[in-house]
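Colleague: Got a structure for you, written out below as structure tokens; questions coming shortly.
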Number of protein chains: 2
Amino acid sequence: MTPPDLERQLDFLREIDRLKSVVRLSPLIDRSRRENSAEHSWHLAMYALVLSEHAAGTVDVLRVVKMLLIHDIVEIDAGDVPFHVPATHSGQNERERLAAERLFGLLPDTQAADFRDLWFEFEAAESDDAKFAKSLDRFQPMLHNTATNGGTWVECEVTLEQVKARCQPPIERGAPVLWEVAAGMAEDHYRKRSQLD
Amino acid sequence: MTPPDLERQLDFLREIDRLKSVVRLSPLIDRSRRENSAEHSWHLAMYALVLSEHAAGTVDVLRVVKMLLIHDIVEIDAGDVPFHVPATHSGQNERERLAAERLFGLLPDTQAADFRDLWFEFEAAESDDAKFAKSLDRFQPMLHNTATNGGTWVECEVTLEQVKARCQPPIERGAPVLWEVAAGMAEDHYRKRSQLD
């Protein structure tokens, strides 16, 4: 017989398989299809491992990786709301809070509390770890958009000013160098587009 | 201008996006499609975070998570070879070694060496961290197979004896409790199947 706490852990691990079916607006770099939230979380964890030296503050890489691995699990219940479609954001915080309670609540109590706390810390984006994690979550789609001739910027008809207004604060707070790079790439993209018009 | 080392880091992060297009034989639990290696790596990292208390040895969770996040990146060049299709395994070690050189070699030198060393440590499965990481890599597909009425066991016509011969050593060495659970689930599955025959 499986010990009860291990059974809860396995239930959780089976349940989060559903994150692989939550599809985001962002394209893969080869544009073959849209990215799902599980593979997006993997990619962001890789960003944290590779780019941690560029964090604004002193970060605990394991905590950052852990935050990024779990940050989208709430979307299993709450769905993904595209960053550049503000009209979809209403009520999302509450939906995600309820999702965090249910999904992390599948785990044994101590572990459930640990994951829930870490998810709330990520959402609050106040600690150095969370600020860096958030900056990567905003930076990766910018890299994908510049690598796919505009990606969601074109799809959502976003201006360069909107990209800057939405992305500069979270990226710059967590990783100033990454914002410099991202701003340069975005400016290049919009300059080329304006030349085509 | 992007600093040269950061440019190499971003090249690597763009290149590994291709892991999302490497498709494994294993099904998602809802059987809607097969799993890809990027989302599989995310899932395994979650297994490590959730199940680390069950490791046979003393493990450094960050190192285990890191190993699992990078363990399949070589498949971008070398492809995935299904565990239960031994005929595909010939020459794979050499293909993966070359892939590790090329792919991790995209990173700045120190980081490239660090990732390459960690990948070789995972492959060797000698350290406590690597033994636990390997055990999870074998355990997760067993959980999927029992949750999908047989999954790759049915597809590859694998017997219970073959499952045990192939999976018991790596899982038991890294996490004895998980082998007990997995063996029980596999026995249940094969007993039910034999009752249907």
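The values are calculated or read from the model by the stated rules, or taken from the named source; none is laboratory data. All of these numbers come straight from a predicted model, not from anything done at the bench. Virtual Cβ from ideal backbone geometry, glycine too; neighbours counted across all protein chains shown. Just the protein is used for accessible areas: all its heavy atoms, side chains included, with ligands, DNA and RNA removed. Shrake-Rupley method; radii C 1.70, N 1.55, O 1.52, S 1.80 Å.
Colleague: Within the range A:102-135, how many residues turn out to be surrounded by 13 or more Cβ atoms within 10 Å (Cβ to Cβ) and of a type in the set (Asp, Glu)?
Modeller: Qualifying residue count, the range A:102-135: 5.
Colleague: Does A:ARG8 count as closer than 30 Å to B:ASP188 by Cα, open to solvent by 50 Å² or more (accessible area, probe 1.4 Å), within 7 Å of another protein chain (Cβ to nearest Cβ) and outside any loop (DSSP other than H, G, I, E, B)?
Modeller: Taking the combined requirement at face value, the residue does not satisfy it.
Colleague: Would a scan of the range B:71-91 turn up a residue that is modelled with pLDDT of 95 or more, within 9 Å of chain A (Cβ to nearest Cβ) and part of a helix (DSSP H, G or I)?
Modeller: no
Colleague: Restricting attention to the range B:172-197, report how many residues are surrounded by 13 or more Cβ atoms within 10 Å (Cβ to Cβ) and away from chain A (no Cβ under 14 Å).
Modeller: Going residue by residue through the range B:172-197, those that are surrounded by 13 or more Cβ atoms within 10 Å (Cβ to Cβ) are B:172-187, B:189-190, B:193.
Next cut, away from chain A (no Cβ under 14 Å) only: B:172-174, B:189-190, B:193.
So the answer is 6.
Colleague: Scan the range A:140-197 for residues that are β-branched (Val, Ile, Thr), in contact (Cβ under 8 Å) with a residue 40 or more places away in the chain and in a helix (DSSP H, G or I) and jot them down.
Modeller: Restricting attention to the range A:140-197, the residues satisfying the condition of being β-branched (Val, Ile, Thr) are A:146, A:148, A:152, A:154, A:158-159, A:163, A:171, A:177, A:181.
This time we only want the ones that are in contact (Cβ under 8 Å) with a residue 40 or more places away in the chain, so: A:146, A:148, A:152, A:158, A:177.
Those that are β-branched (Val, Ile, Thr), in contact (Cβ under 8 Å) with a residue 40 or more places away in the chain and in a helix (DSSP H, G or I): A:THR146, A:THR152, A:VAL177.
Colleague: Separate question: Considering every residue within the range A:55-68, establish whether at least one is within 21 Å of B:LEU44 (Cα to Cα), open to solvent by 40 Å² or more (accessible area, probe 1.4 Å) and in contact with a strand residue (DSSP E or B) (Cβ under 9 Å, 6 or more places away or on another chain).
Modeller: no
Colleague: Taking the range A:30-59 only, how many residues are closer than 19 Å to A:ALA175 by Cα, facing another protein chain (nearest Cβ under 9 Å) and in a loop (DSSP other than H, G, I, E, B)?
Modeller: 0
Colleague: Going through the range A:11-29 one residue at a time, which ones are under 21 Å from the mean Cα position of the chain (by Cα) and either in a helix (DSSP H, G or I) or within 7 Å of chain B (Cβ to nearest Cβ) (or both)? Even if it seems obvious, please write down each step before you answer.
Modeller: From the range A:11-29, those under 21 Å from the mean Cα position of the chain (by Cα) are A:12-13, A:15-29; that's our starting set.
Within the range A:11-29, A:PHE12, A:LEU13, A:GLU15, A:ILE16, A:ASP17, A:ARG18, A:LEU19, A:LYS20, A:SER21, A:LEU28, A:ILE29 qualify.
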